[in-house]
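What follows draws every value from the coordinates through simple rules; no lab data is involved. Computed from a predicted structure; not experimentally measured. Counting neighbours? That spans all protein chains shown, and the Cβs are built from the backbone with ideal geometry, glycine included.
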Amino acid sequence: MKLKESFVTYAADGQHTMVATEGFSGIVRSNGTAAFIIEALKSPTTIEAIVAAMAKKYDAPQETIAADVVEIIAKLRSIGAIEEGD
């Protein structure tokens, strides 16, 4: 899976924003956790790979990280931001 190319991200002054150039109509503002996941999704990846990368960066239980990743990806899917892969 990966982030659809029609979703453009921007970060400035600690604020993370994502907008769509087609389809979804709106602006998504995200916290640092969601921004990390969105950045990871710019290349084809898996939930497991994102969880592993976050576990290396953040001092949190892997179960908590996995739950956050699943929740954020579900939200991104609900707005059509995820391109499913093979």
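Calculated FRET efficiency, residue 58 to residue 1, Cβ-Cβ distance, R0 = 25 Å: about 0.75 to the nearest 0.05. Contact order for the chain, expressed relative to its length and based on alpha carbon pairs under 8 Å spaced 6+ residues apart, stands at 35 percent. In this structure the amide hydrogen of residue 83, modeled in the peptide plane, comes within under 5 Å of the amide hydrogens of 2, 3, 4, none closer than 5 places in sequence on its chain. Under the convention that each Lys and Arg Cβ holds +1 and each Asp and Glu Cβ holds -1, the size of the dipole of the chain around its Cα centre is about 140 debye. Given the -39500 (n - 2.57) contribution per DSSP H run of 4+ residues, what per-residue ellipticity at 222 nm results for the chain, rounded to the nearest 500 deg cm²/dmol? It comes out at -13500 deg cm²/dmol, rounded to the nearest 500. Ordering 67, 52, 37 by the projection of their Cα atoms onto the charge dipole of region 37-84, which places +1 on the Cβ of Lys and Arg and -1 on the Cβ of Asp and Glu, puts 37 at the extreme positive end. From the largest down, the chain spans 36, 36, 19 angstrom on the principal axes of its Cα atoms.
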